[in-house]
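Written out below as structure tokens is the structure these notes cover.
The values are calculated or read from the model by the stated rules, or taken from the named source; none is laboratory data. What you see is a predicted model; the values in this text were computed from it and never measured. So basically every Cβ, Gly included, is an ideal-geometry build from the backbone, and we count neighbours across all protein chains shown. When the accessible area is computed, the model is the full protein with side chains, heavy atoms only, and any ligands, DNA or RNA have been set aside. Shrake-Rupley method; radii C 1.70, N 1.55, O 1.52, S 1.80 Å.
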Amino acid sequence: MSCKSKTLPLLYILIVSLLIHPFFQDTLRCHAQSENRSTVQFPRLQRFELLNGLRVLAIERALNKQVVVSLLIKSGSSFDPPGKPGLAYLTAQAVCFASGKTTPARWKDELEFLGVNFSIRVDSDYTVFQAEVPSSNLETFLSTLTNVVLRPVFKQEGLERLKQDVKSKVSNNYDSLELCKKHFRELIYGKSPCANSPHGGWDSIREIRLSDVQEFHRNHYLPNNAALIVVGGTTPFGLTILVREKLGGWVKGVVPAIELPSTQFAGLVSNSIRVVERKDSLDATVILGHAGPSRITPDYYCLQLANLILGGLEDSSRLEQTFHSKNISYTKVTSEMQFGQNCGHFLVSAQLPSSSLSRALPAISENIEDLKTSHISEEELNAAKSKLTAWFADLLKSDSLLADQMIDMELYNLASDYLAGFFGDINRVTVERLQEAIKNHLSSTRATIVIVGDAPKIKSELGPDRTVELID
């Protein structure tokens with residue numbers, strides 16, 4: 001009796017000790033991640049190519065009544081000719097809203113009748129026409145889309161109307177973060193097309209002529225410079241017949257050779273600071289960062305995880321922990337890694353009172369350098385892996401987000417097993433490999449700083465020793 005009463009408390013203590021032991025916690029976490037991966041259904045990807053060079057990527061989801069269709073044009077704002085930022089954006093809008101084949105009202109009515117949610121997205125690397133379509137209306141929608149996008153009849157009056165729409169978007173409608181990013185791009189990319197916002201600016205847009213739009217469409221809207229991505233209920237065999245019927249007559253051409261900028265930029269001067277006056281801002285908005293590698297870097301997964309550890313784990317991120325420990329007042333602080341063919345960047349952004357600047361800027365720089373020199377714990381790495389794998393598992397459940405991943409696969413020529421291999425690639429990242437990538441790509445010494453807010457307060461906080469470029 002006494003032996004039993006003593007054994008139970010000892011057993012209880014042993015179990016509790018194991019549960020709180022770091023090794024056991026890591027084992028449980030890895031087991032949970034493994035369970036999460038085992039429940040994920042990886043979709044089967046089908047690929048084929050038409051004789052005109054159009055590439056087609058499809059994933060069948062037989063139970064889905066909706067289909068996500070993305071027509072990818074592999075040219076975006078970084079392909080804008082010199083002096084004409086916004087041409088790619090204006091061309092994409094014009095094929096639907098400045099066409100002699102249909103009025104904007106009629107185009108919208110057709111989409112509404114077919115039950116289609118439609119969007120146009122222009123990035124530095126690409127243009128995408130994306131739609132969520134009921135499966136029963138897929139054939140009709142493809143006919144409508146190809147008629148409008150492949151063979152538009154551009155009209156001057158429609159183009160002028162679109163220009164006014166762009167003017168209203170770019171005239172004093174930037175929030176502080178967007179304004180900060182606009183100046184950040186100018187500093188790190190110089191005169192490269194990467195410095196331009198996708199929709200350009202009013203000074204350049206108003207000079208774009210109808211002939212410019214027609215030429216951009218003629219040079220870039222080619223089947224051998226495009227891909228069709230379909231996620232939904234249609235069978236690959238049925239899709240093959242449908243795509244050949246609707247897009248097989250699209251005539252291939254020669255895509256113009258364009259010298260794209262280098263993937264690395266030095267900015268203006270190391271630690272240069274630009275202050276943009278905005279008197280209506282109660283807080284200061286700060287960006288500190290530099291240009292980054294392309295999407296095809298072998299360090300892609302490492303940098304995604306490093307970004308999470310630095311500023312993407314909410315209260316557990318190093319930036320938030322540092323700001324808390326040093327009692328630095330702030331509204332928001334986060335980090336961002338953006339990859340592309342040529343216009344990638346790394347940045348830390350923060351919104352905080354101007355009075356916090358003198359302590360916040362050194363704290364951000366120290367955190368970046370500490371990632372390179374101080375040890376990253378297995379616990380930090382596992383937390384980042386858990387967040388990234390959970391995000392990817394959720395992504396696979398969304399047709400539109402899955403379509404976006406397939407766009408990346410096609411645009412950046414990613415491996416055919418990219419989707420199925422994601423969890424394994426993340427799991428293979430070690431602390432040593434992570435810190436090697438950080439040392440190769442992240443730096444505070446070559447970072448450019450942009451601050452938007454009340455300029456006199458900002459300059460006062462920065463002190464007289466800082467060289468500041470002031471933009472009114």
Considering the stretch 382-403 alone, what residues qualify as being in contact (Cβ under 8 Å) with a residue 24 or more places away in the chain and within 14 Å of Ile229 (Cβ to Cβ)?
Asp399, Ser400, Leu402, Ala403
Cβ pairs under 6 Å, 6+ apart, first in the stretch 116-139 and within 29 Å of Asn413 (Cβ to Cβ), second of a type in the set (Phe, Trp, Tyr) and open to solvent by 20 Å² or more (accessible area, probe 1.4 Å)
Val122/Tyr89; Ala131/Phe118
Across the stretch 96-121, what is the total count of residues that are under 23 Å from Glu160 (Cα atoms), open to solvent by less than 20 Å² (accessible area, probe 1.4 Å) and β-branched (Val, Ile, Thr)?
1
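Taking the condition of a type in the set (D, E, K, R) and within 30 Å of the chain's Cα centre (by Cα), does Lys108 pass? If you could, list the steps in order and put the result at the bottom.
On the way: of a type in the set (D, E, K, R): yes; within 30 Å of the chain's Cα centre (by Cα): yes.
Spelling it out, Lys108 is indeed of a type in the set (D, E, K, R) and within 30 Å of the chain's Cα centre (by Cα).
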Pairs under 6 Å by beta carbon, first residue β-branched (Val, Ile, Thr) in the stretch 309-325, partner in a helix (DSSP H, G or I) and open to solvent by less than 30 Å² (accessible area, probe 1.4 Å), six or more apart or different chains?
Ile309/Ala384; Thr322/Ala363; Thr322/Asn367
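Please work out if Pro81 is of a type outside the set (A, V, I, L, M, F, W, C), farther than 30 Å from Asn117 by Cβ, modelled with pLDDT of 70 or more and within 26 Å of the chain's Cα centre (by Cα).
yes
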Would you confirm whether or not the stretch 345-362 contains a residue that is farther than 23 Å from Leu179 by Cα and buried (at least 18 other Cβ atoms within 10 Å of the Cβ)?
no
So, in the stretch 298-329, how many residues would count as being under 14 Å from Lys387 (Cα atoms) and part of a loop (DSSP other than H, G, I, E, B)?
2
From the list Leu239, Leu260, exactly one residue is of a type in the set (A, V, I, L, M, F, W, C), at pLDDT below 95 and open to solvent by 20 Å² or more (accessible area, probe 1.4 Å). Which is it?
Leu260
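Are any residues in the stretch 64-105 of a type in the set (D, E, K, R) and within 20 Å of Pro134 (Cβ to Cβ), and if so, which ones?
The initial filter retains those residues of the stretch 64-105 that are of a type in the set (D, E, K, R), namely 65, 74, 80, 84, 101.
If the condition is that a residue be of a type in the set (D, E, K, R) and within 20 Å of Pro134 (Cβ to Cβ), then Lys65 is the only one that fits.
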Please go through the stretch 68-111 and give me each residue that is closer than 10 Å to Val122 by Cβ and touching a Lys or Arg at 6+ places or on another chain (Cβ under 8 Å), ordered by number.
Leu90
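Would you mind listing the helices (runs of 4 or more DSSP H) fully within the stretch 164-225 where at least 1 residues are open to solvent by 40 Å² or more (accessible area, probe 1.4 Å) and under 23 Å from Gly292 (Cβ atoms)? Lay out the reasoning, then the answer.
Numbers: elements: 176-189, 202-205, 210-220.
Because the criterion is at least 1 residues that are open to solvent by 40 Å² or more (accessible area, probe 1.4 Å) and under 23 Å from Gly292 (Cβ atoms), the helices (runs of 4 or more DSSP H) in the stretch 164-225 that meet it are 176-189.
Just one of Gly190, Gly232, Gly238 is more than 26 Å from Gly100 (Cα to Cα) and in contact with a strand residue (DSSP E or B) (Cβ under 7 Å, 6 or more places away or on another chain); which is it?
On the way: Gly190 fails: in contact with a strand residue (DSSP E or B) (Cβ under 7 Å, 6 or more places away or on another chain); Gly238 fails: in contact with a strand residue (DSSP E or B) (Cβ under 7 Å, 6 or more places away or on another chain).
Residue meeting the stated conditions: Gly232.
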The stretch 330-343, subset part of a loop (DSSP other than H, G, I, E, B) and more than 17 Å from Val286 (Cβ to Cβ), residue modelled with the highest pLDDT:
Phe339
